[in-house]
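The values are calculated or read from the model by the stated rules, or taken from the named source; none is laboratory data. Predicted, not measured: the structure shown is a model, and the values here were computed from it. Methodologically, a virtual Cβ is constructed for each residue, glycine included, from the backbone with ideal geometry; neighbour enumeration extends over all protein chains shown. These accessible areas exclude ligands, DNA and RNA; they are computed on the full protein's heavy atoms, side chains included. Shrake-Rupley method; radii C 1.70, N 1.55, O 1.52, S 1.80 Å.
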Amino acid sequence: MAPDGTTLVHVASGLRFPEEFEGFTRLRERAFDPGGEYIAIGYDRPLGTGDDRIVVRMAVVHIDQMPPRDHYMIMRQATMSHFAAPTIVSEGPATIPTNRRLKAYRGTFTGYRDGKPWRSSLTTVDYGYWSGRMTAAYPESEAAEAEKYLGVLLAEIRAQRPKAPKR
């Protein structure tokens, strides 16, 4: 934890994940590797006036020499499996606007959860030593609001510059 007691810091990369940010609440975090080479963080945020939410999962992982497209292709089926009748809407190289050019690959999908139409996405990014992965899911009826808030969260993450660990 950072000195503020609420911001989670991934020591190996320096990435920071606040407990709360612009209405998002960090749900959980997990290290899949004791050395810190693979971590996952979850956030969610209410949408509209009901119980709808945008659910975001991020992973920071060290993958040697893997292009974002390959990372995406490995994770695509797992991402789509959370929905009934999943359909690919789009997929391809993505531009991540930062002060440096990052290679990324993104897919968007539709499907159903509990009989209700949903949208989801999977984005993979190559930060150099680190690779990032983010999935987002939200009800189709709340797409415009969800995409606005997702943009705010992404801007916060993009502003950070992960570093390679000192060996």
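In Å², what does the accessible area per residue of the chain work out to with a 1.4 Å probe?
It amounts to 55 Å² per residue over the chain.
On a 1.4 Å probe surface of the protein chains, which of Lys166, Lys116, Lys148, Lys103 comes out largest in accessible area, and what is the full order?
Lys166, Lys103, Lys148, Lys116
What whole-number distance in Å separates the alpha-carbon centres of segment 85-157 and segment 12-83?
Each part reduced to its Cα centre gives a spacing of 11 Å.
Modelled label-to-label distance, Thr25 and Ala159, 7 Å Cα→beta-carbon offset: nm?
2.3
Given 0.36 nm per residue, what is the gain on full extension from Leu8 to Thr95 after removing their alpha carbon distance, in nm?
Net length gain for the segment: 28.6 nm.
List the residues, sorted by chain then number, that are 5 or more residues from Leu102 or on another chain and whose placed amide H is less than 5 Å from its amide H.
Sorted by chain and number, the residues that satisfy this are Ile96.
When N counts the residues of segment 93-158, how does its alpha-carbon radius of gyration compare numerically with 2.2 N^0.38 Å, as a ratio?
Here the answer is 1.22, to two decimals.
For Glu140 and Gln77, calculate 0.36 nm times their separation in residues minus their Cα-Cα distance, and state this gained length in nm to one decimal.
Gain in length upon complete extension: 20.7 nm.
Quickly work out the Thr108-to-Arg69 label distance, labels modelled 7 Å from Cα along the C-beta direction, and quote it in nm with one decimal.
Spacing of the two 7 Å Cα→Cβ label points: 2.1 nm.
Taking just the C-alpha trace of the chain, give me its Rg and Dmax in Å.
So, for the chain, Rg and Dmax equal 15.7, 50 Å respectively.
To make sure I understand the rule: partners must be lysines, Cα under 26 Å from the Cα of Lys148, and not fewer than 8 residues away in the same chain. Which ones qualify?
Here the lysines satisfying the reach criterion relative to Lys148 are Lys103, Lys116.
Over the Cα atoms of segment 14-75, each weighted equally, I'd like the Debye log10 I(q)/I(0) at q = 0.13, 0.17, 0.20, 0.25 Å⁻¹, rounded to two decimals.
-0.47, -0.72, -0.89, -1.07
Hey, quick one: spin label on Lys116, modelled 7 Å out along Cα-Cβ, who in segment 125-167 has an amide N within reach, i.e. under 16 Å?
Flagged as within label range: 137-147.
To the nearest 500 deg cm²/dmol, what mean residue ellipticity at 222 nm is calculated for the chain from DSSP H runs of n ≥ 4 alone, each contributing -39,500 (n - 2.57), summed and divided by the residues?
Taken over the chain, the calculation gives -5500 deg cm²/dmol.
Select from Ser141, Thr108, Gly48 the residue farthest towards the positive end of the dipole of segment 8-159; place +1 on Cβ of Lys and Arg, -1 on Cβ of Asp and Glu, and compute about the Cα centre.
Sorting the options by dipole projection puts first Thr108.
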